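Any read-out appearing in this document is the output of simple, stated calculations on the displayed coordinates, not a laboratory observation. Keep in mind that this is a model prediction, so the values were computed, not measured. Here the Cβ is made from the backbone with ideal geometry for all residues, glycine too, and neighbour counts use every protein chain on show.
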Amino acid sequence: MRLARSYEVLNEPAKSRDAYAKAATLKPKGLPVLTAYAGAIAKAATPGAPMPKRLADISEQILALQPTHGGALWFSGIAKMEAGDKTGARERWTRLLAILDPKGAQHAQVLERIKALDQPAKP
């Protein structure tokens with residue numbers, strides 16, 4: 001974990017992700033480890049690319065441990081949307097809305113994502 005955080009400070013997202021991966025194998029039910037690993041995967045991901053499968057998998061692991069984890073609900077919803085599972089995405093994001101401040105920017109962003117699920121797909 002220390003090595004992973006050091007790589008974060010040094011702005012080495014791929015190395016940080018890999019160090020967190022090792023920590024997650026050593027503590028597969030450690031919520032702080034899994035949460036940090038998910039964040040590191042997201043930071044190391046290529047902007048605009050589909051969500052890395054490992055991030056979707058880790059999000060599901062986190063939700064098994066803490067069903068109301070905001071970040072995991074967000075990433076899981078994105079993974080489901082990208083997989084074409086609009087119902088699954090809506091379910092995850094609806095659960096996320098329930099824990100967000102209704103006056104906050106994040107609430108509005110999630111609500112927009114849910115509304116976008118009802119729009120026809122762009123060719």
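Each Lys or Arg adds one and each Asp or Glu subtracts one; over the other residues with Cβ under 12 Å from the Cβ of E91, this totals +4. Which one of L31, L117, A89 is farthest out on the positive end of the charge dipole of the chain, using unit charges on Cβ (Lys, Arg +1; Asp, Glu -1) and the Cα centre as origin? Result: L31, furthest along the dipole toward the positive end. Here's the list of aspartates and glutamates a cross-link from K115 could span, going by alpha-carbon distance under 17 Å and ignoring same-chain residues fewer than 8 apart: E82, D85, E91. A simple charge model with +1 on the Cβ of Lys and Arg, -1 on the Cβ of Asp and Glu and nothing else charged puts the dipole of the chain at about 180 debye relative to its Cα centre. Taking other residues whose beta carbon is less than 13 angstrom from the beta carbon of N11, and scoring Lys, Arg as +1 and Asp, Glu as -1, yields +2.
Straight-distance candidates among the aspartates and glutamates for linking to K29, with alpha-carbon spacing under 19 Å and chain neighbours fewer than 8 residues away dropped: D18, D57, E60.
For segment 2-69, the pair-distance distribution built from all alpha carbon pairs, in bins 5 Å wide starting at 0, is 4, 20, 28, 24, 17, 7, 0 percent. The share of alpha-carbon pairs in the chain lying farther apart than 19 Å comes to 51%. Across segment 2-41 the C-alpha pair distances fall into 10 Å bins from zero in the proportions 40, 53, 7 percent.
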